[in-house]
1. Keeping all protein chains in position, work out how much accessible area Ser85 exposes to a 1.4 Å probe, and write it in Å² to the nearest 10.
2. Using a 1.4 angstrom probe, figure out how much accessible area the chain has per residue, in square angstrom, rounded to the nearest whole.
3. What does the helix-only formula give at 222 nm for the chain: each DSSP H stretch with n ≥ 4 adding -39500 (n - 2.57), the total divided by the residues, and the result rounded to the nearest 500 deg cm²/dmol?
4. Set the Förster distance to 45 Å, then compute FRET efficiency between Lys261 and Ala418 from the Cβ-Cβ distance, nearest 0.05.
5. Under the 0.36 nm per residue contour assumption, what length would be gained going from the current alpha-carbon distance of Val214 and Trp341 to full extension?
6. Sticking with the crude label model, points 7 Å out along Cα→Cβ, report the distance from Tyr509 to Asp67 in nm, one decimal please.
7. Top to bottom by accessible area (1.4 Å), largest first, where do Glu629, Glu434 land?
8. Percent of accessible area on segment 484-627 owned by carbon and sulfur, 1.4 Å probe?
Amino acid sequence: MKKTFILKGLDCPHCSGVIEKEVGKFEGVSSSTVDLMKQTLTVEAEESAISTLFERIEKTVHSHEPDVEVYEKEEEKKQETDTESKKTAIKIAVGAVLFGAAIIIGEIIKLPLPVYLAVLIVSYIILGGDIILKAIKNIIKGRVFDENFLMSISTVGAFVIGEYPEAVAVMLFYQIGEFFQSLAVRRSRKSISELMDIKPDRATVIRHGKALTVHPENVKIGETITVKPGEKIPLDGIVTDGVSMLDTKALTGESVPKSVKTGDEVLSGSINLNGILTVKTEKTYGESTVSKIIELVENASSKKAPTENFITSFARYYTPAVVIFAALLAIIPPLFFNGAWTDWLHRGFVFLVISCPCALVISIPLAFFGGIGAASRRGILVKGGNYLEALNKADTVVFDKTGTLTKGVFKVSKVITADGITETGLLEIAAKAEIMSNHPIAKSICESCKTDNSEVTSFEEISGFGIKATIKDAIVFVGNEKLMQSENIEFVECTEFGTKVYVAHNGKYLGCIIISDEIKEDSKKAVSDLKKTGIKRTVMLTGDNDSTAFAIAEQLNIDEYHANLLPDKKVELLEKLCTENKTNGKVIFVGDGINDAPVLARSDIGVAMGGIGSDAAIEAADVVIMTDEPSKITESLKIAKQTKAIVIQNILISFIIKGIFLLLGALGYASMWQAVFGDVGVALIAVLNSMRLIKK
């Protein structure tokens, strides 16, 4: 059972990692994930452990962060971030004014030292009192090696060795850096919150002739709702009356409004721009598009990329290591090499200030968070940072044909008859046999010849072959050449371009119906662009015949194709491709239909065309494209590469600058002021660099 808790006010990267680890060790808990960006803790636990889970989590969180407020997500409260920011800003301003006054008193007016010290100490307490208090509480509980401890020991130490202004200045600049860092993180959270603003909060449902305003969750399938201009569509459905334009940007990333009329499908989360629409609901709120998008985006950051996991683990060992090294740096030279205690203690304290790993621990998850948000705004839902990182390693893209590269809108383009039957007669027999099938090809045949199923006494759909039906005591077979061969029916093989549907009546071949499926406008560009982004191999899988597959692969410049595939053969072939590719890179499979779900699940990275895709395909996929455009795959790869570039930049920025300052600190060339830049300044640079993705 999954439960999500809000950890309001949690900003410490080290503490979040410790909380995640400790909660994960609870009895009955199988997994624990802290998302510092959203201030949430997601726990997978056995039902027997749920009753005491909240109390245990609250106790653990407060043992590390007493000021963090813990509550269940269902009880989520509005965060008063503006008020908190104002309080912090006032505290920094007051501390800064007192610090300035102390410098004037001590350096310009030259008042007695006790007065100078008193003002400095008051300024220090205002700026760093809460940090000192947290450090003491953590030390009492046996928990050190966090940023509170590092800042406390280094600044108190600076007071001890007589560097009074530096001690206060370090705390002042640390607080300023933390303030801007927190501001940047909150802005990134707000960006995702705005994305989540697609959630409709009410629906106007017609019941017993009256319009009632209810929560979308209280509307049932088949009920009629009305949507006025400016309102969000609350549930997926079909327009039964009205004409309007819909803003679907939040869902699909498309800026051009979409026109809808009676009979058109509308998706929840779209905004009705003009005209009143009457909609018959087809899904409950929990199954609607907007609900699924919100769930996907909310859960995305809980699936951490390997780089995130490495940085989190690295920080757990890095901080204690640098604290021990700082202690050795401060003690060994004076004890064994006649070094000056004041000088080497100063170097140790500087080393402590520089060593805090905040730049990495905050900026790396923020980069993936920004990448997922940037993709979402383009109508691409990536289910986790792990999949975003995996996209960088992809070198093979495997496409399903129908509905992915082609529109999936089949039309009868030609009818070839045998002797003794007309085109109309052939279409009528085929339509009667296919009328009970939901397959797109069956529907296209039925569309070309309107009939009913009154004469059909039995119906059987043979997967991968076609239809067997009994019409007026006659056995009718409608399907591909494999069906004709399996039933030992002599037929004339058609060489025309398109999908061939052969028809036989009581063992006699009647003719062939050619079905054409139009290629999507951007399919060719999508394949071309993929190769430009570094994809080495493109493959198309289809259940269609060889001649049709060849023609489409040639038009789109696809490297290879495999035709006449049953669903299980697609899985088998994809597994083979994944095995062949294991040492080289990842395999992406792109599909849309329900029969693609097993292949999506088996691939290294499954991409579902969500606009027309089935629920099963969307559930099985790792990436969901809300439109029917194959070109979005290239966009997702570009965003993944941009995210990786920023992650690498942040790692290099953090390690190089911190490494330089650590060396300067150890050699005695770096002051406390410079140490603050080496810590907070680098963290702020990395966070702002990560936020470039959020702006995209």
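The values are calculated or read from the model by the stated rules, or taken from the named source; none is laboratory data. This is a predicted model, so every value here is computed, not measured. Neighbour counts are summed over all protein chains in view; Cβ atoms, including those assigned to glycine, are modelled from backbone coordinates with ideal geometry. The area values use the complete protein model at the heavy-atom level, side chains included, leaving out ligands, DNA and RNA. Shrake-Rupley method; radii C 1.70, N 1.55, O 1.52, S 1.80 Å.
1. Its heavy atoms expose roughly 20 Å² to the probe.
2. 45 Å²
3. -16000 deg cm²/dmol
4. 0.60
5. Numbers: separation 127, 0.36 × 127 = 45.72 nm, distance 7.25 nm.
Going from the current span to full extension adds 38.5 nm.
6. If labels sit at Tyr509 and Asp67, their model points lie 8.3 nm apart.
7. Glu629, Glu434
8. Working: 3000 of 6240 Å².
The nonpolar share, carbon plus sulfur, comes to 48 percent.
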